[in-house]
Amino acid sequence: MCFTIPGKVVFVTKDTSMATVDYGSEMREAKVIGQKIAVGDYVIVQAHFVVQNMPGPARGSKKNGGGLAKMSLRCSKMQQRKE
């Protein structure tokens, strides 16, 4: 099973072909194809490609109790318990 965690875009090249994504504990480079992203957006990255730009409420707003970021944390804790 593949598990992804939303990361925050902290840098985008001028031609918007590459982005630096911050995951809290590390930063990674990702290629952007066919999407418009900006600094501050939250994205899902797979195999060094941005595959999805997260909509506002799903990022972790108080409105939905933490959104995907909170759900990802719960899932990773559950996975650790199984091991």
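The values are calculated or read from the model by the stated rules, or taken from the named source; none is laboratory data. Source: prediction; values computed, not measured. Don't worry about glycine lacking a Cβ; one is built from the backbone with ideal geometry, like all the others, and counts go over all protein chains shown.
Scanning the range 15-34 for residues that are of a type in the set (Ser, Thr, Tyr) and either touching a Phe, Trp or Tyr at 6+ places or on another chain (Cβ under 7 Å) or modelled with pLDDT of 95 or more (or both) turns up just one, Thr20. Among the residues making up the range 1-23, those that are within 13 Å of the chain's Cα centre (by Cα) and in contact (Cβ under 8 Å) with a residue 12 or more places away in the chain are Phe3, Thr4, Ile5, Pro6, Gly7, Lys8, Val9, Val10, Ala19, Val21, Asp22, Tyr23. Filtered by the rule that a residue be assigned to a loop (DSSP other than H, G, I, E, B), touching a strand residue (DSSP E or B) at 6+ places or on another chain (Cβ under 7 Å) and exposed (fewer than 15 other Cβ atoms within 10 Å of the Cβ), the range 5-21 gives a lone residue, Ser17.
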